[in-house]
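First comes the structure, then the notes that go with it.
Throughout, read-outs are computed from the coordinates displayed, never taken from laboratory work. In this text, all values refer to a predicted model and were calculated from it rather than measured experimentally. Neighbour counts run over all protein chains shown; Cβ positions are idealised from the backbone, glycine included.
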Amino acid sequence: MSENLKDNAPQVVETKPDVKPAKKKRNKIAKRENNVNGYLFVLPYALIFTIFILIPVVLAVVLSFTNFNALEWPDFVGFLNYITLLTNDEVFMQYVLPNTVVYAVVVGVGGYVLSFILAWALCNLSKVPRTIFALILYSPSLTTGVAMTVLWKVIFSGDQTGLLNSWLMSLGIITEPIIWLVSADYVLPIVIIIGLWSSMGIGFLSMIAGILNSDESLYEAAAIDGVKNRFQEMIYVTIPQMKPQMLFAAVMAIVNAFQNGTISALLVGNPSPGYASQLIVNHIEDYGFLRYEMGYAAAVSVALLLIVQIFSKAANALLVEKD
């Protein structure tokens, strides 16, 4: 009887306390701490970006709709500055915009192609000569505008002591010195030459890094598939592997080509003789810091920003692989 009672008695099952809420709470706290740490890491860059990039861009857009002389309070004029830029600014349409396009195409596109060719050629050398030549090619991009101007003014001096005039006269090509930096026929080509000379910048180094970090096994597989020479390796193996580096170099080349007005200003002054080498950046400096028409200069700078953005998007569309 007692055994039956024991069998029929309700059995007490021991249950462990549910610890899931505590675990969830700890996970939320850890996630919150990770977010705080992430925000702290991003904070220095966010502050620098906001102060030196975002706020100036916003202020430039706002000032582009005003008449502002840097002394009096800005007067709102709407789209008048943009209408003037497109319809009444003959210097911009006849000289500045064509000069900028020519300079950007030759120095931007030409410098980009030249950077890739030189990077590919250097990567075929051993480590020591590759490092030496890379430093030699990269060093002009680190040179300040004043130092570059002093060097090239000696070369293109308009008297007999100028290196180029002296060399051409010794060869009998010319009989009298050419005033290179005054003639409107020579100023823009000289600025383009100097721009190409100093275009081997950070994009050039990124291309070298991309080529050196290529997967060697792909070259072996390409050789088995029928790739016979180094040129075919470059087209079918090297370039497809380094598209991120090429995109970065393309964006840097575009930005540098459109914002590079220091060479012309230091070499021949601002404005240049006959506006022969006047670029958009020089036009902005002319109206902003010489004529103190800050509102109009801001409108030109916004137009420059849009042009750079369009070309950057085009480069991104060409070099980014689509899914």
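Tabulated results
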{"read-out": "Farthest toward positive dipole pole in the chain [+1 Lys/Arg, -1 Asp/Glu at C-beta], among LEU63, VAL102, LEU247", "value": "LEU247"}
{"read-out": "The chain: angle of helix 127-142 to the longest principal axis, Cα-based, in degrees nearest 10", "value": "70 degrees"}
{"read-out": "Estimated dipole of region 90-319 in Debye, rounded to 20 [Cβ of Lys and Arg +1, of Asp and Glu -1, Cα centre]", "value": "340 debye"}
{"read-out": "Relative counts (whole %) of C-alpha pair distances in region 110-240, using bins that are 10 Å wide", "value": "11, 29, 25, 18, 12, 4, 0"}
{"read-out": "Chymotrypsin sites (Phe, Trp or Tyr not before Pro) lying in DSSP loop within region 68-174, provided at most 12 other Cβ fall within 10 Å", "value": "PHE79"}
{"read-out": "Spin-label model distance (nm) - ASP225 vs PHE76, 7 Å beyond Cα toward Cβ", "value": "6.0 nm"}
{"read-out": "Intensity falloff of region 90-319 expressed as log10 I(q)/I(0), Debye formula with alpha-carbon point scatterers, at q = 0.08, 0.11, 0.13, 0.18 Å⁻¹", "value": "-0.38, -0.67, -0.87, -1.27"}
{"read-out": "Kirkwood-based shape ratio for region 120-166, expressed as Rg/Rh from alpha carbons", "value": "1.21"}
{"read-out": "Degrees, to the nearest 10: 110-122 long Cα axis against longest axis of the chain", "value": "70 degrees"}
{"read-out": "Overall dimensions of region 26-175 as given by Cα atoms, namely Rg and Dmax in Å", "value": "25.8, 87"}
{"read-out": "The chain: angle of helix 294-319 to the longest principal axis, Cα-based, in degrees nearest 10", "value": "60 degrees"}
{"read-out": "Where chymotrypsin sites (Phe, Trp or Tyr not before Pro) fall in DSSP loop in region 271-319, at most 15 other Cβ within 10 Å", "value": "TYR292"}
{"read-out": "For ASN67, distant residues with modelled amide H under 5 Å away", "value": "ASP75, PHE76, VAL77"}
{"read-out": "Cβ-based charge dipole, the chain, positive-most Cα from LEU205, GLN160, LEU47", "value": "LEU47"}
{"read-out": "Derived scalar couplings ³J(HN,Hα) [region 247-262; Karplus, 6.51 cos²θ - 1.76 cosθ + 1.60; whole Hz; x for Gly, Pro]", "value": "5, 4, 5, 5, 5, 5, 5, 5, 4, 5, 5, 7, 9, 8, x, 5"}
{"read-out": "Cβ-based exposure ranking for TRP197, TRP73, in which fewest neighbours within 10 Å come first", "value": "TRP73, TRP197"}
{"read-out": "Neighbour count of at most 12 Cβ within 10 Å plus DSSP loop: longest trypsin sites (Lys or Arg not before Pro)-free window in the chain", "value": "1-227"}
{"read-out": "From the C-alpha gyration tensor of region 274-323, square roots of 5λ in Å", "value": "31, 13, 5"}
